[in-house]
Amino acid sequence: MTPATRLRRIALATRLRRIALATRLRRIALATRLRRIALATRLRRIALAALACAGCRSGAEERPGAASTGGAPPPADQPAPAPLPALDGTPNSFYAAGTPTFVLGTAAGERADREIAAQVALASSLFPGAATALDTSIDPAGGPAAWPARPVLYGGPHAHALLAALAPSLPFEMTRGRLVIGGQTFDGDDIRLIAAVPARAGDQAGPGYPAFLLYAGTGDPGVVEINAVRHGGDPILVADTFGPLATGRWHRGERGVTAVLSPLKPRIEWRAVERRLEARGGDRAAAVQIRFPAQLPAAASEDQVVDAALKGLSTAVRRLELAEVAPLSIYVYPDRRSKQSLTGDAGDGHAVPAARAVHVIATGDTAAADLEGLIAHEGTHVLAHAGWGPAGSPLLGEGLAVWVSGRYGGAPLSAWRGKIGAPPPLASLLGPGFRRLPEQEAYPVAGLLVDAAIARAGIAAVRDHLLAATPETWDAACKRAGLSSAELEADLARGASR
Ligand SMILES: [Zn+2]
């Protein structure tokens, strides 16, 4: 081999090695990028699952997260070339495509504003970098260009100025007390709609709009605890007092885009036993309906169940020092299977504050003290919500309910001291960290925190300042309550360890 040939071979080998290296680097880069996309998708799914699980879970049952649609999302810079907007978007695919912007309805008054803000604060804490905007900041006449990226609207048309302006061209009708969608009419103020509404081009019926996610209800403002409705995998979900009532998809036909709903989930007749629930001072009372399936004969234990319900609710009124109480309903299921099939929630109990309803299982074997404690807990979610307004964090919402009942998991709250280990930092507990803890740790910790706050500053301070505080407003709320967050955290650590 001549020196020249040898040099050429070496040069060629070096070049081939470089090409191989470059190819390998590209592959690694691509693999890293794919892993990042998969991770981002997974994180968003986890966030959505957490959002869907943000409701109360008093039972030991684990709720599965929101259904997944499968597959990585298309990169955001390559829009689908389809001539017509896609109809198959879901909350899962919507959140997977990028950071949302939450658009709050402000058209239904101060109390409604607080309800909407509370749900948006909980949802947006799961999406770092998510922005918020008010309904009035977007001019519907400007068409899709006037909207922020990936808008998520909270509030029905009666509570949301932007939706109200678009009402004639929306593929459903919602007013206070009524939803018309997919050829069905749902009456009542407990109806909630969670939908991925497809984009629409402007025409004589109204201006166009981009695809958006909608959390809305027929109540006032209709989105109370709406995040807790399990959702994600369906373009359309309708829920009532009991839970998911129908799912659906969008269809494009001669009359434009309309909804096609699944058959409605079964609902049964209920027989009510009515009692009066006295407010503090005894001069104002509200009706409590304790409801049993009408198709079943009254169980031998029915009187004890009614007694336990009244005692549990009376405990809530007394400990919360409520001068006024809201009327409410308690639905009593004879077994876990019937509660699961009718509400989609197999836990021992759960509350639906939007419908002022509590759902509990009471079998013949349920101990009266456990049922009373369960109803005190779930009743607190409804009564405190109606009387005091929304909780700004699950930590305070659950903490108040555990503190009122004085029990968790069949044991007095005091019995949990020394059994739950050192609580995580308050900053984490106030945010999504709370739902990441096992419930048998999170709930007693929350109860002990409320116990410590009341010991230091009294129940009025919790009611007026701490309950509504978000992670961002917590320190200021503590100051207004005459508390130091650091002292409270130290109290909690001591209370949990002794
Ligand atoms: Zn709860």
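A single entry from Ala351, Ala294, Ala298, Ala316 fulfils the requirement of being of a type in the set (Gly, Ala, Ser), in contact with a Cys (Cβ under 9 Å, 6 or more places away or on another chain) and at negative phi: Ala351. Scanning the range 403-418 for residues that are more than 12 Å from Asp451 (Cα to Cα) and of a type in the set (A, V, I, L, M, F, W, C) yields a total of 3.
The rows are residues; the columns are (1) touching a residue at least 12 places away in the same chain (Cβ under 8 Å); (2) under 30 Å from Gly389 (Cβ atoms); (3) of a type in the set (Ser, Thr, Tyr).
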site	(1), (2), (3)
Ala146	no, no, no
Arg150	yes, yes, no
Thr175	yes, yes, yes
Gly183	yes, no, no
Val197	yes, yes, no
Arg200	yes, no, no
Gly208	yes, no, no
Asp220	yes, yes, no
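When Arg249 is tested against the conditions (1) surrounded by fewer than 22 Cβ atoms within 10 Å (Cβ to Cβ); (2) in a loop (DSSP other than H, G, I, E, B), the lone failure is (2).
Counting only helices (runs of 4 or more DSSP H) that sit completely within the range 382-498, those holding 1 or more residues that are farther than 30 Å from Val325 by Cα and in contact with a Cys (Cβ under 7 Å, 6 or more places away or on another chain) correspond to 485-497.
Matching residues to (1) assigned by TED's automatic domain parsing to the domain that holds Arg435; (2) over 14 Å from the mean Cα position of the chain (by Cα); (3) touching a residue at least 12 places away in the same chain (Cβ under 8 Å); (4) surrounded by fewer than 23 Cβ atoms within 10 Å (Cβ to Cβ):
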| site | (1), (2), (3), (4) |
| --- | --- |
| Val103 | no, yes, yes, no |
| Thr106 | no, yes, yes, yes |
| Ile116 | no, no, yes, no |
| Phe127 | no, no, yes, yes |
| Ile138 | no, yes, yes, yes |
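Here Val224 fulfils each of the conditions (1) within 23 Å of Ile116 (Cα to Cα); (2) surrounded by fewer than 22 Cβ atoms within 10 Å (Cβ to Cβ) apart from (2).
Considering only residues that are under 19 Å from Ala493 (Cβ atoms) and in contact with a helix residue (DSSP H, G or I) (Cβ under 6 Å, 6 or more places away or on another chain), look in the range 399-417 and name the one that is farthest from the ligand (Cβ to nearest atom).
Within the range 399-417, the subset under 19 Å from Ala493 (Cβ atoms) is 399, 402-403, 408, 413-417.
Now restrict to residues that are in contact with a helix residue (DSSP H, G or I) (Cβ under 6 Å, 6 or more places away or on another chain): 399, 402-403, 408, 413, 416.
Numbers: Gly399: 9, Val402: 7, Trp403: 11, Tyr408: 10, Leu413: 14, Trp416: 15 Å.
Restricting to residues being under 19 Å from Ala493 (Cβ atoms) and in contact with a helix residue (DSSP H, G or I) (Cβ under 6 Å, 6 or more places away or on another chain), the top hit is Trp416.
Of the residues Ala316, Ala376, the single one that is within 15 Å of the ligand (Cβ to nearest atom), over 22 Å from the mean Cα position of the chain (by Cα) and either surrounded by fewer than 16 Cβ atoms within 10 Å (Cβ to Cβ) or within 21 Å of Ala453 (Cβ to Cβ) (or both) is Ala316. Taking the criterion of being among the β-branched types (Val, Ile, Thr), more than 18 Å from Ala246 (Cα to Cα) and in a strand (DSSP E or B), the only residue of the range 170-225 that qualifies is Thr175.
The set of residues in the range 332-352 being closer than 15 Å to Gln289 by Cα and either away from the ligand (no atom under 16 Å from the Cβ) or in a helix (DSSP H, G or I) (or both) consists of Val332, Tyr333. Of note, Glu324 satisfies the criterion of being more than 16 Å from the ligand (Cβ to nearest atom), charged (D, E, K, R) and touching a residue at least 60 places away in the same chain (Cβ under 8 Å).
Put simply, of Arg463, Arg456 the only residue that is at pLDDT 95 or above, surrounded by fewer than 18 Cβ atoms within 10 Å (Cβ to Cβ) and among the charged types (D, E, K, R) is Arg456.
The values are calculated or read from the model by the stated rules, or taken from the named source; none is laboratory data. Note that this is a predicted model, so its numbers are computed, not measured. Every residue, glycine as well, gets a Cβ built from its backbone with ideal geometry; the counts of neighbours run over all protein chains shown.
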